[in-house]
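Quick notes on the structure that follows.
The values are calculated or read from the model by the stated rules, or taken from the named source; none is laboratory data. Please read these numbers as outputs of a predicted model, since none were measured by experiment. Here Cβ is always computed from backbone atoms with ideal geometry, including for glycine, and neighbour counts include all displayed protein chains. Protein only, heavy atoms only, side chains kept; ligands, DNA and RNA dropped before computing areas. Shrake-Rupley method; radii C 1.70, N 1.55, O 1.52, S 1.80 Å.
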Amino acid sequence: MAALPALLAAVSLLSALQLGFFARRVGMSRMKHSVMPPATNGPPEFERTFRAHQNCLEFYPLFQVVLWTAGVFFNEAIAVVFGLAYLFGRHMYFFGYQRATKERLPGFYLCVVLLLTLTGLGAAGILNRILDEYFDIDLPKKIFRW
Amino acid sequence: MAALPALLAAVSLLSALQLGFFARRVGMSRMKHSVMPPATNGPPEFERTFRAHQNCLEFYPLFQVVLWTAGVFFNEAIAVVFGLAYLFGRHMYFFGYQRATKERLPGFYLCVVLLLTLTGLGAAGILNRILDEYFDIDLPKKIFRW
Amino acid sequence: MAALPALLAAVSLLSALQLGFFARRVGMSRMKHSVMPPATNGPPEFERTFRAHQNCLEFYPLFQVVLWTAGVFFNEAIAVVFGLAYLFGRHMYFFGYQRATKERLPGFYLCVVLLLTLTGLGAAGILNRILDEYFDIDLPKKIFRW
């Protein structure tokens, strides 16, 4: 079978479990505030919980793309560390948002910084690979004179 | 080119077609009930159809992650069978929800059970790979004395 | 590390950046029209911007699946060209929708045609691979007598 990197897959699986966990919290908030599907409007606490989950979902495929790009084309261990930090940021974000709209911000900023970092690492890795594969230029060697 | 498993990719492609099919049903429901974009509120039947589609979308990246993790790190054929069962569950869910809010539940529970199963298989496969790769421990051999 | 195709990954990364860019435009629209989270209702321009972003998000995992399927199982270069055209279509769609509901349509139709094309290419590639791998039938040879 394709030799996909196990540690990246472990982070992806953990992140999927986290999303499932958040989905369950939305379900519990529906019960608590008697907001029956398909309604998505209700008391402020429910709406904050619902939107917190939605925001996590909106960023999820994005996160997967930059995690795997950075992990495959730059460095698996670094991507794993930043990926786990992102899950921590999402945890802060979700429970912060559930408490108060303003408290979503620290976790959110952490997540954005991590996503941008992973994007940068992935872009560097891909650029390096493309230069190497299609133009036969070994960038790290040129820069660091390894 | 990378030797990605063809049967898993076939399930992914089928699931993408299913989502496209659901998106079209939402469009048809918009027409039928004269709910023009960007509105997402309307008669109960439209709102149920809209939320059914949203729920399928919310779980889609999650499904992809656990399908591929189980398929790559555990067993492709088993993941394909559970993946196809998941598509069947989503079909039940979508058309059940469109008829009545309560009728979404059988399909939904089937999908949740399948997602958890795929997650468990994927986690077992990854754990086994990590133990083997980083700690040189062959778990199946230890357990089953193969 | 797994030899994932660098050009496909570059398109995925670009598409992730585009989604981030759209998310920022929604944030700016929130500011401009004073629609504070978690609210998602507001003046028509905000609602159009919000829904435009949502629609891009809804199709994003779908796009990733058909892009990679077509790129891995059919042809990387062709998938990359159609993938970049899709990003252009999403650009037209987003800014068209922000201006007026009707102006979302040209970009949307372009995107749907591209998604269906990528789906067709991916399905052809997977079918070919499955016939070759499991039934030992070389379809292109049979058809074109190569």
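Report, by residue number, each residue of segment A:2-39 that is β-branched (Val, Ile, Thr) and within 24 Å of the chain's Cα centre (by Cα). Lay out the reasoning, then the answer.
In the first step, residues of segment A:2-39 are kept if they are β-branched (Val, Ile, Thr); the result is A:11, A:26, A:35.
Result: A:Val11, A:Val26.
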Residue match in segment C:22-43 (condition: within 21 Å of B:Thr40 (Cβ to Cβ), in contact with a Cys (Cβ under 8 Å, 6 or more places away or on another chain) and open to solvent by less than 20 Å² (accessible area, probe 1.4 Å)): yes
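Residue by residue, here is whether (1) within 18 Å of C:Leu87 (Cβ to Cβ); (2) without any contact (Cβ under 8 Å) to a residue 12 or more places away in the chain holds:
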| site | (1), (2) |
| --- | --- |
| C:Leu19 | yes, no |
| C:Ala39 | no, yes |
| C:Pro43 | no, yes |
| C:Phe50 | no, no |
| C:Gln54 | yes, yes |
| C:Leu57 | yes, no |
| C:Phe63 | yes, no |
| C:Thr69 | yes, no |
| C:Asn75 | no, no |
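To keep it simple, each residue is scored yes or no on (1) open to solvent by 80 Å² or more (accessible area, probe 1.4 Å); (2) of a type outside the set (Val, Ile, Thr); (3) modelled with pLDDT of 95 or more.
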position: C:Ala85; (1), (2), (3): no, yes, yes
position: C:Pro106; (1), (2), (3): no, yes, yes
position: C:Thr117; (1), (2), (3): no, no, yes
position: C:Ile130; (1), (2), (3): no, no, no
Residue in segment C:48-63 that is part of a helix (DSSP H, G or I), aliphatic (A, V, I, L, M), touching a helix residue (DSSP H, G or I) at 6+ places or on another chain (Cβ under 7 Å) and away from chain B (no Cβ under 13 Å) present: no
Set C:Val11, C:Val66: member being touching a helix residue (DSSP H, G or I) at 6+ places or on another chain (Cβ under 8 Å), assigned to a helix (DSSP H, G or I), closer than 21 Å to B:Ala9 by Cβ and within 11 Å of chain B (Cβ to nearest Cβ): C:Val66
Pairs, first more than 10 Å from chain B (Cβ to nearest Cβ) in segment C:119-131, second of a type in the set (S, T, N, Q), C-beta under 9 Å, six or more apart: C:Leu121/C:Thr69; C:Leu121/C:Asn75
